[in-house]
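Here is the structure we will look at, set down as structure tokens.
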Amino acid sequence: MLGTGQINFNQNQSRPKNRQAPNVPTDDVMISQGHDEFQKEHIKESEKNLDKFEQLTQHIQPLLKIKSIFPYNFAPNEVIIDLYSISLVERELFGTTRRHTILISDISDIFIDLSVFFYACLTVRRKVAPQEETITIKNLSKRGAIEARKITQGLITLNKQGIDISQLNRDDLLEKVRELGNIK
């Protein structure tokens, strides 16, 4: 029994060696949780990028593909329009090819020159700082050149308005884009 003011120093009592507050994670646990969260975010971002890639590849199919008329060109030139770009393919004899691919967002103007006969020229102007670059494909059919201008003009209008058209099916998209291209 202890008297007043006396302190008992009992060395036999067992105390836990590492005292930690309950529910406080250790450094190893915190690092592991941070790593798991990073992996989850990385997987989510990878899946998101994969979805975007799949959407892009679904819409890479050409909306329009026209060739120049044979008697005037022995190696026919081509105009290929897809959702995001227009490709102008110039072919020469002996298999040489020059391909100009221009993003729809980079096109400043597209126009056609119609002749009295049955052929036309399609000219695309691309914004290149500090000046513009002009590319022309000659000897196209009138109908093909007019269709190419309508579709490209419609895509330019949609692009300038920031409208996402990647979810539309091809037929609906072509109809709407042609309507927009007719307005101007």
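List of remarks:
- Residue list for the stretch 118-148, filter: outside any strand (DSSP E or B) and hydrophobic (A, V, I, L, M, F, W, C): F118, A129, A145, I146, A148
- Given (1) more than 27 Å from E90 (Cβ to Cβ); (2) in contact with a helix residue (DSSP H, G or I) (Cβ under 7 Å, 6 or more places away or on another chain), number of the condition D171 does not satisfy: (2)
- P62 being modelled with pLDDT of 75 or more, part of a loop (DSSP other than H, G, I, E, B) and in contact with a helix residue (DSSP H, G or I) (Cβ under 7 Å, 6 or more places away or on another chain): no
- Residue among R99, R126, R143 that is at pLDDT below 85, among the basic types (K, R) and farther than 22 Å from E54 by Cβ: R126
- Among residues of the stretch 88-106, those that are under 23 Å from L173 (Cα atoms) and out of contact with any Lys or Arg (no Cβ under 6 Å at 6 or more places or on another chain), counted: 5
- Taking the stretch 125-154 as the range and being in contact with a helix residue (DSSP H, G or I) (Cβ under 8 Å, 6 or more places away or on another chain) and within 22 Å of E92 (Cα to Cα) as the test, the residues that pass are K138, N139, L140.
- Any hit, the stretch 149-165, residues being touching a Leu at 6+ places or on another chain (Cβ under 7 Å) and assigned to a loop (DSSP other than H, G, I, E, B): yes
For (1) farther than 27 Å from S166 by Cβ; (2) at pLDDT 70 or above; (3) charged (D, E, K, R), each residue gets a yes or a no:
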{"position": "G5", "(1), (2), (3)": "yes, no, no"}
{"position": "N23", "(1), (2), (3)": "yes, no, no"}
{"position": "V29", "(1), (2), (3)": "yes, no, no"}
{"position": "E45", "(1), (2), (3)": "no, yes, yes"}
{"position": "N49", "(1), (2), (3)": "no, yes, no"}
{"position": "F70", "(1), (2), (3)": "yes, yes, no"}
{"position": "E90", "(1), (2), (3)": "yes, yes, yes"}
{"position": "I110", "(1), (2), (3)": "no, yes, no"}
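- Selected residue (criterion: nearest to the chain's Cα centre (by Cα)) from residues of the stretch 103-140 that are closer than 14 Å to E78 by Cα and surrounded by fewer than 16 Cβ atoms within 10 Å (Cβ to Cβ): I135
The values are calculated or read from the model by the stated rules, or taken from the named source; none is laboratory data. What you are looking at is a predicted structure, and each value in this text was computed from that prediction instead of being measured. No Cβ is skipped: glycine too gets one built from the backbone with ideal geometry, and neighbour counts run over all protein chains shown.
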